[in-house]
1. Against the definition (more than 24 Å from the chain's Cα centre (by Cα), of a type in the set (G, A, S) and assigned to a loop (DSSP other than H, G, I, E, B)), how does G307 come out, yes or no?
2. Looking only at region 258-275, which residues are without any contact (Cβ under 8 Å) to a residue 24 or more places away in the chain and of a type in the set (D, E, K, R)?
3. Identify the residue in region 148-206 that is among the acidic types (D, E) and assigned to a helix (DSSP H, G or I) and, among all such residues, is nearest to G243 (Cα to Cα).
4. Give me a count of the residues in region 66-94 that are in a loop (DSSP other than H, G, I, E, B), surrounded by 15 or more Cβ atoms within 10 Å (Cβ to Cβ) and modelled with pLDDT of 95 or more.
5. Which numbered condition trips up L125, out of (1) at pLDDT 85 or above; (2) surrounded by fewer than 19 Cβ atoms within 10 Å (Cβ to Cβ); (3) out of contact with any strand residue (DSSP E or B) (no Cβ under 9 Å at 6 or more places or on another chain); (4) part of a helix (DSSP H, G or I)?
6. Check whether at least one residue in region 246-257 is farther than 19 Å from L24 by Cβ, assigned to a helix (DSSP H, G or I), in contact (Cβ under 8 Å) with a residue 60 or more places away in the chain and of a type outside the set (K, R), and report yes or no.
7. Condition check: in contact with a Gly (Cβ under 7 Å, 6 or more places away or on another chain) and surrounded by 17 or more Cβ atoms within 10 Å (Cβ to Cβ). Does L222 satisfy that?
Amino acid sequence: MNKEPLVIISGPTASGKSDLSIKLAKLIDGEIISADSMQVYKGMDIGSAKITEDEMCGVKHYLIDVLDPKDDFNIYYFKEEAKKAFDEIRSKGKIPIIVGGTGFYIQGFLYDIDFCESEGENLPLRDELTKISKEKGSKALHDMLKELDPKAAEAIHENNVKRVIRAIEFYKETGKSITDHNEEMRKRSSPYNFAYFCLTRNRKDLYERIDRRVDKMIEEGLVEEVKRLKETGLSKYNHSMLGLGYKEILDHLDKKISLEEAIYIIKRDTRHFAKKQLTWSRREKDVITVDRDDFQSDGDILSFITGILKEKEIIG
C-alpha cells in the first residue's frame with residue numbers, strides 16, 4: 001500500500017519556521033497544520049507570536065484559533081484534529097505540511113504513538129497529585145516525578161502539570177517508566193511517506209531573534225493582552241496561561257515581579273526552551289537538520305528541501 005505524503009518543518013522558536021513553510025507550501029501546493037501549543041488558542045495572539053492572515057499569504061492553516069483558552073490542548077486532541085486536517089488536505093490533492101516546535105505532538109502524529117491516555121488513570125491519585133500541585137506548586141510535583149522517573153522528569157517541563165501527573169500515575173500503576181514505554185512506541189515505523197526537517201541557525205543569532213521578538217511583544221501590547229485574559233477568569237491553573245510570556249506577565253499583574261523582571265525571565269526561559277527544542281529534534285530519528293548558516297538564502301534552502309522531497313517521491 002502506498003503511504004500518504006507528509007512534510008514536517010520543526011525547529012526552535014524564532015528560527016523562521018513559519019515564513020519558510022509558507023514559501024514551501026506555495027512551491028509544492030501544500031497546506032499547513034500547526035503543531036504549536038499556543039497558537040491553537042483564540043485571543044492569545046501576541047504572546048504566542050501567532051501568524052496573521054496577511055502573513056499566511058493565502059496558504060490555508062489548520063489548528064490555529066480553534067480552542068477557547070479555558071480548554072486544554074493536549075496530544076490526544078492534536079492527533080485527532082491533525083488527522084482530520086490531513087485527510088482534508090489530501091482530499092484536495094495537496095501536500096500536508098506540519099509546522100511547529102512542539103516535538104512531542106509531531107512525534108505522536110508521525111508515528112501514531114499511543115501515549116497511554118487511559119492506562120494508569122487513577123482518579124483518587126490524580127486528585128491527590130492535583131492538590132499537591134495547587135498547595136505546594138508545580139516544582140514539588142516535578143520533584144516527586146524526578147524521584148520516580150528521572151528520564152521523564154528531564155523530558156517534561158515542571159510547568160506542564162498534566163503531563164507530570166500522567167507520568168507519575170503511569171509509574172504508580174504499572175511500575176514502569178512512561179519514558180521507556182514511549183521509547184518502545186517510537187521504534188514503530190511511520191504510516192506516512194515523510195520528510196522531517198529541523199530548521200536552525202547559530203545560537204547567537206537565534207538568541208538575539210528571541211530577545212527582539214519578546215521586545216516586540218511588549219511593544220504590541222502583551223501586558224494588555226494578558227490583563228484582558230485575566231479579566232475573563234483565566235489564571236495559572238489554566239493550561240493556556242502556562243505558556244511562556246503569559247505566566248510571567250500574570251506575575252507582574254499580580255505585583256509579584258516588576259515588568260522589567262518579567263521581560264528578563266521571558267527572554268531567559270525562551271532561550272532555554274529553544275535549546276530544549278533543538279535537543280529534542282536532534283535526538284529524533286530521520287530528522288534532516290537545515291542550518292541556515294549553510295545556505296545563502298531561503299531560495300537555496302527551498303531548493304535543498306524540494307530536492308529531498310523529489311528523492312523521496314513526496315512530490316513529482
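1. Here the answer is no, as G307 does not meet what is asked.
2. Passing the criteria: E260, E261, R268.
3. Filtering region 148-206 for residues that are among the acidic types (D, E) and assigned to a helix (DSSP H, G or I), the one nearest to G243 (Cα to Cα) comes out as E154.
4. Selection size over region 66-94: 3.
5. (1)
6. Yes - at least one qualifying residue is present in region 246-257.
7. yes
Yes/no matrix, rows are residues, columns are (1) buried (at least 24 other Cβ atoms within 10 Å of the Cβ); (2) over 17 Å from the mean Cα position of the chain (by Cα):
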{"residue": "N2", "(1), (2)": "no, yes"}
{"residue": "I9", "(1), (2)": "yes, no"}
{"residue": "P12", "(1), (2)": "yes, no"}
{"residue": "S21", "(1), (2)": "yes, no"}
{"residue": "L24", "(1), (2)": "yes, yes"}
{"residue": "I28", "(1), (2)": "no, yes"}
{"residue": "I32", "(1), (2)": "yes, no"}
{"residue": "A35", "(1), (2)": "yes, no"}
{"residue": "D45", "(1), (2)": "no, no"}
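The values are calculated or read from the model by the stated rules, or taken from the named source; none is laboratory data. Not measured: the values here are computed from a predicted model. Neighbour counts are summed over all protein chains in view; Cβ atoms, including those assigned to glycine, are modelled from backbone coordinates with ideal geometry.
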